[in-house]
1. Return the only residue of A:Arg164, A:Arg133 being buried (at least 22 other Cβ atoms within 10 Å of the Cβ), basic (Lys, Arg) and in contact with an Asp or Glu (Cβ under 9 Å, 6 or more places away or on another chain).
2. May I ask you to list the residues in the range B:109-126 that are touching a Gly at 6+ places or on another chain (Cβ under 9 Å), assigned to a loop (DSSP other than H, G, I, E, B) and without any contact (Cβ under 8 Å) to a residue 40 or more places away in the chain?
3. Against the definition (more than 20 Å from B:Lys330 (Cα to Cα) and either within 14 Å of chain B (Cβ to nearest Cβ) or modelled with pLDDT of 95 or more (or both)), how does A:Glu107 come out, yes or no?
4. Restricting the search to the range B:147-161, which residues are open to solvent by 70 Å² or more (accessible area, probe 1.4 Å) and outside any helix (DSSP H, G or I)?
5. Quick one: A:Pro307 ticks every box in (1) open to solvent by 30 Å² or more (accessible area, probe 1.4 Å); (2) in contact (Cβ under 8 Å) with a residue 60 or more places away in the chain; (3) not hydrophobic (A, V, I, L, M, F, W, C) except a single one, so which number is it?
6. Any residue in the range A:69-90 that is away from every other protein chain (no Cβ under 14 Å) and farther than 24 Å from A:Asn342 by Cα?
7. Those residues that are farther than 19 Å from B:Val19 by Cα and free of Cβ contacts under 8 Å to residues at least 40 places away in the same chain, I need them from the range B:180-201; list them, please.
8. Of the conditions (1) within 14 Å of chain B (Cβ to nearest Cβ); (2) under 21 Å from A:Gly92 (Cβ atoms), A:Ile234 satisfies every one except a single condition; which number is it?
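The values are calculated or read from the model by the stated rules, or taken from the named source; none is laboratory data. Quick caveat: nothing in here was measured; it's all calculated off a predicted structure. Here the Cβ positions follow ideal geometry from the backbone for every residue, glycine too, while neighbour counts run over all protein chains shown. The area values use the complete protein model at the heavy-atom level, side chains included, leaving out ligands, DNA and RNA. Shrake-Rupley method; radii C 1.70, N 1.55, O 1.52, S 1.80 Å.
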There are 2 protein chains.
Amino acid sequence: MYTLIKKEGRARRGRFHTVHGDFQTPAFMNVATAGAIKGGLSSVDLEDVHCQVMLANTYHLHVRTGEEKIHQLGGIRNLAKWDGPVLTDSGGFQVFSLAKLRNIKEEGVTFNSHVDGRKIFIGPEESIRIQSRLGSTIAMAFDECVQNPAEYDYAARSAERTYRWLVRSKDAMAECNAASDALNPHQLLFGINQGATFEDLRIQHMKEIAKLDCDGYAIGGLAVGEPPEVMYHILDIVEPYAPENKIRYLMGVGTPGNIINAVSLGVDLFDCVMPARNGRHGHLFTMDGILNINNQKYELDERPIDPDCDCPVCRKGFTRAYIHHLVKAKEMLALRLCVMHNLYFYNRLMERIREALDNDRFSAFASEYADRLDQRI
Amino acid sequence: MYTLIKKEGRARRGRFHTVHGDFQTPAFMNVATAGAIKGGLSSVDLEDVHCQVMLANTYHLHVRTGEEKIHQLGGIRNLAKWDGPVLTDSGGFQVFSLAKLRNIKEEGVTFNSHVDGRKIFIGPEESIRIQSRLGSTIAMAFDECVQNPAEYDYAARSAERTYRWLVRSKDAMAECNAASDALNPHQLLFGINQGATFEDLRIQHMKEIAKLDCDGYAIGGLAVGEPPEVMYHILDIVEPYAPENKIRYLMGVGTPGNIINAVSLGVDLFDCVMPARNGRHGHLFTMDGILNINNQKYELDERPIDPDCDCPVCRKGFTRAYIHHLVKAKEMLALRLCVMHNLYFYNRLMERIREALDNDRFSAFASEYADRLDQRI
């Protein structure tokens, strides 16, 4: 349940209550694809990098190890030994981005597993049932994520179908929560707004799903091919139609600047693979911009990644020179240290955003950092 | 400096003093090839797994990032942020195992880098100078490690050359330690016994190097192709000629059973890539033997790797099922958790050996565990 604490412009400072603990918003969820963070991070490390919410991927857990076995093992939270809230996605995005030979019908999607090629069918009921078996805190409704730019007619038909899938997802969630062996009978359901980059479709869709009284509302189908200005414009026009008393989640976004700008437009919740993926490529976030540790100039640089950073990597005093050396020597530790730093940076960024909101200086914070954090040093 | 605390049979309980701190023997050194442990472990993790001594590979650090740069960065201990003792090998073993097209002469060895193929020359003076620049606590003399079975004549000539190289290594070490920019002017030098599997060569060589008053004595050229019984036999016959008041290091050995048996024969110090390498393959050490986490039967096993283990992985409660899942999902975290467990097991094994020696029950400990720990569950 979302509590709006205060606003500055359209930016919202809030709190979200769940049976697995509360989290403060705006918040960034840390992506643990198959119940582990890329770069060799465990739930112990997630605590160290100030993670509030873990995100796990339903599709990946479905194909390996399977939701029934994970149910037997007490669910994803018990499996990964993460005590806090977990959000599972619906699998929809992976079906559309990873799977081959997919076939979309009103019932759902048939596709081939990217692991072993076997045929899989997932519709709203299947997605919700899998997420129920995984025992996450928050389940996402099954939707179709359309790549941008999209054709108007297709986007319209897809958004309508996604609405009908949400109605079915909601019914399925109620049924799963009532089951005697539900790991989390209080599992929450977020609906997802779609409509590609078309204002009328987005607004119409948001108006309709708002009536369904979901536990939260996500904006999907952005950051999938369109320029950032278009993403901001869609956020700008659709936000007034998102229920004020519900949490708002912008899926798969983004850079630190994207996040600051989206908070300015009223978004509360984020997830993105960027901190982990960029970390694995040696691109490290700092309050002065993005540092590329592969650069030769760091070979003898005895400073931590960011001298003002208090992450486990910088705090221990591991230097840019050491990480540069580990990258060159192809040591796995390089990936781990870079991912730890970047995840901490993102979680700490959210803390700074919340502090700024608490002190009525978010607008100044956004002006100072939105562009700066995304620039390369 | 080695202090013999007590003996049980030929097994020795001791302490080794260095300017970078003392360590208790028998001890196992943890291999940080390029200044990082395989599996994504940092010096922070080394403390967590009870590591006393870190071992770094001179050859790897020479080819990447180079000893001069590491010297500028305050040496390998400062680079890896490891406060305790570090032993560097001489590079000799890697020259003979990794490099191609090597050419051995009295001066030293010319070979091609396994990274970029460039020609490198290392002799005793070069090896010691590199190790001095790396600023390790203990340097190893440059030797030739002959693969077993070896030809007698070659082994004899090689052992004689290794003796001459030790004399030169000792002179070089004295010179390096006297240099004004020596990172560790108290760097210690260990000599290495060679002679393949020939009793007379081994004994003759040990007698000669014993006269050189090194800071410690290693037994090299074992566990390189000969059966374990032959290794134990060589240890058995050469041990009486190793100086009683100096530490004894069996290089590159081995299984838990090998270590217990070698301690019984008077060895104080060990190193081996086995805990990390086996861990990366999912072979996990327990006090009941070796568990293969890849096995399907662990899919729903909710016990930790070893219910009696207090390592960071078992203590947190990560289950066999979780690690099995991570292995199947090809998550890097699987490697990290397995390596952490195994390194802790080895370091904890040495603690158990020392406790047994302290309580005059090492013989009983060896009888109970030497075979058991090496068997597959």
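1. It is A:Arg133.
2. Hits for the range B:109-126: nothing passes.
3. Against the criterion (more than 20 Å from B:Lys330 (Cα to Cα) and either within 14 Å of chain B (Cβ to nearest Cβ) or modelled with pLDDT of 95 or more (or both)), A:Glu107 qualifies.
4. B:Gln147, B:Pro149, B:Glu151
5. So A:Pro307 meets the others, but not (2).
6. yes
7. If the condition is that a residue be farther than 19 Å from B:Val19 by Cα and free of Cβ contacts under 8 Å to residues at least 40 places away in the same chain, then B:Glu199, B:Asp200 are the ones that fit.
8. The failed condition is (1).
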